[in-house]
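J.: Have a look at the structure that comes next, please.
Just so it is clear, none of the values below were taken in a lab; they were calculated from the coordinates. Keep in mind it's a predicted model, so treat the numbers as computed, not measured. Note that each Cβ is placed from the backbone with ideal geometry, even for glycine, and that neighbours are counted across all protein chains shown.
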Amino acid sequence: MLHEPPATSLKEKRSSALSGSLRSHSPTIVELQGTKSLNEFEVVDILGQGMVGLVLRAKHKGSGKVCAIKTMPKSQVIENGEEEHCMAERRALEELRHAPFVCNYYASFQDPWALYLVVEDCVGDMFDLFNRSGLPGIGQIKVYTAQVLLGLEYIHSAGYVYRDMKPENLLLRSDGSITIGDFGFAKKLEKGQRAYTICGTPDYLAPELILHQGCTRAADIWAFGILVFEMIAGFPPFRDRQRRDLYKRIVRADFAAVPVPRRMDNDVHEMLSQIFVRDESLRLGIRAPGLGAIKGHAWYETIDWEAVMSGKLRPLHFLPEQLSRADLSSIKDAKTGKFTWMNGPPPNSSEEKFVGF
């Protein structure tokens, strides 16, 4: 079942398109974009653990806007060698801030102890949705994946390869739509360039990555196919308990040998058979007309892409929006107001490493 909001004027439709990008010019957002310190926020909850730090829910004191703050303690960033990934994520989010179905970026700042990324607050992710509500219906899967495809299309058009597709990185907005989050592995590629770092979730890796051949946007298309299969079946197509055997299955790319899940019809099976191709140059969505070949596939025949883009067509919302207030005593000293990562001296030479963040 899909949700169609009441009819709106052309002006209202335009304001909801491109994942709310035009709203970034509202007084509230402009004020939020000017933030320079964690002291400008009231932290109210811990949303989860990021790559090197906590993700917090916070309320901006000036505007009242609730958002998420990704904290990245500099000592942990340096210890894990993630300096470039952190800088690259900020650059990608800033460049893609008006992209449809991509997590809205508001601001970034740093203090002597940590880096901070301020992004839109969401109510959960697709992994939460699977666990709480079971697998979505096929009609809803089509709309969810259509939103992902539109976001991916914009990401690729900006020259980026995403490299981290998985349900946990598909965040759910309060209106039920998806937004692609976590750009720590995103990399901008010049024409003919490839990305050689092996990163991402093992089940979602494309054959060329496992073979150390580097990757392009074709790896994102492979991962998109894995996502579609997993949303229908509840598990990825190529799987094995042993990592080595899993990689062998992926490299063989023998989709014909994968049992067809009960809910998978001929159209989606045929579409995926064109995506799970070892030769990336032959993968559906790579040759002209690009991702338009997937959008125009028979499985998406019932999808109105303009309605998806404008927000008129979107999935039902399953996860209630809750502004909870967690016990922050484990990460914040009640007397000093300092967070745990602010204890002790800041790392040496951190200023030089993070210039421009």
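J.: Any chance you could run the full-extension gain for PHE235 through GLU301? It's 0.36 nm times the residue separation minus the Cα-Cα distance, nm to one decimal.
T.: 21.3 nm
J.: Scaled to the compact-protein estimate 2.2 N^0.38 Å, what is the alpha-carbon radius of gyration of the chain, rounded to two decimal places? Write down the numbers at each step before the final one.
T.: Details: Rg = 20.8 Å, N = 357, 2.2 N^0.38 = 20.5 Å.
After normalising by residue count via 2.2 N^0.38 Å, the value is 1.01.
J.: Follow-up question, since we're still on this one. At LEU328 and PHE127, where each label point lies 7 Å from the Cα along Cα→Cβ, what is the point-to-point distance in nanometres?
T.: 2.5
J.: Restricting to DSSP loop positions (anything but H, G, I, E, B) with no more than 10 other Cβ atoms inside 10 Å of their own Cβ, which GluC sites (Glu not before Pro) remain in region 111-199?
T.: GLU190
J.: By how many nm would the segment from GLU168 to LEU316 lengthen if fully extended, with 0.36 nm per residue of separation less the alpha-carbon distance?
T.: Gain in length upon complete extension: 51.4 nm.
J.: So, in Å, what gap is there between the alpha-carbon centers of region 40-56 and region 234-257?
T.: Each part reduced to its Cα centre gives a spacing of 35 Å.
J.: Compute the angle between helix 266-275 and the longest alpha-carbon principal axis of the chain, please, reported from 0 to 90 degrees and rounded to the nearest 10.
T.: Between the helix axis and the principal axis of the chain, the angle is about 70 degrees.
J.: Moving on. At most 11 other Cβ atoms within 10 Å and a DSSP loop assignment: could you name the trypsin sites (Lys or Arg not before Pro) in region 236-301 that fit?
T.: ARG241, ARG262, ARG287
J.: Decide, for region 125-315, between rounded, prolate and oblate: order the square roots of the alpha carbon gyration tensor eigenvalues as a ≥ b ≥ c, take rounded if a/c falls under 1.5, and otherwise choose prolate if a/b is larger than b/c, else oblate.
T.: Working: a/c = 1.38, a/b = 1.18, b/c = 1.17.
Rounded shape, in that the Cα axes give a/c under 1.5.
J.: Where in region 63-115 are there chymotrypsin sites (Phe, Trp or Tyr not before Pro) that are in a DSSP coil and have at most 13 other Cβ atoms within 10 angstrom of their Cβ?
T.: Working: sites: PHE101, TYR105, TYR106, PHE109, TRP113; in loops: PHE101, TRP113.
For chymotrypsin sites (Phe, Trp or Tyr not before Pro) across region 63-115 that sit outside H, G, I, E and B with at most 13 neighbouring Cβ atoms in 10 Å, the list is empty.
J.: Counting only C-alpha contacts under 8 Å and six or more residues apart, can you give the relative contact order of the chain as a whole percent?
T.: Rounded, it is 20 percent for the chain.
J.: On C-alpha positions alone, give me the angle between the axis of helix 83-95 and the longest principal axis of the chain, in degrees, nearest 10.
T.: Helix 83-95 sits at roughly 80 degrees to that axis.
J.: Take the residue pairs LYS65/LYS188; LYS65/LYS295; LYS187/LYS295; LYS166/LYS248; LYS59/LYS166; LYS36/LYS74 and return only those whose Cα atoms are more than 26 Å apart. Numbers along the way, then the final one.
T.: On the way: LYS65/LYS188 31 Å; LYS65/LYS295 35 Å; LYS187/LYS295 24 Å; LYS166/LYS248 20 Å; LYS59/LYS166 28 Å; LYS36/LYS74 17 Å.
Pairs exceeding the cut-off: LYS65/LYS188; LYS65/LYS295; LYS59/LYS166.
J.: Can you grab the distance from the C-alpha centre of region 121-155 to the C-alpha centre of region 209-228, Å, no decimals?
T.: So the separation of the two Cα centres works out to 19 Å.
J.: Can you give me the angle between helix 138-157 and the longest principal axis of the chain, using Cα atoms only, in degrees from 0 to 90, rounded to the nearest 10?
T.: 70
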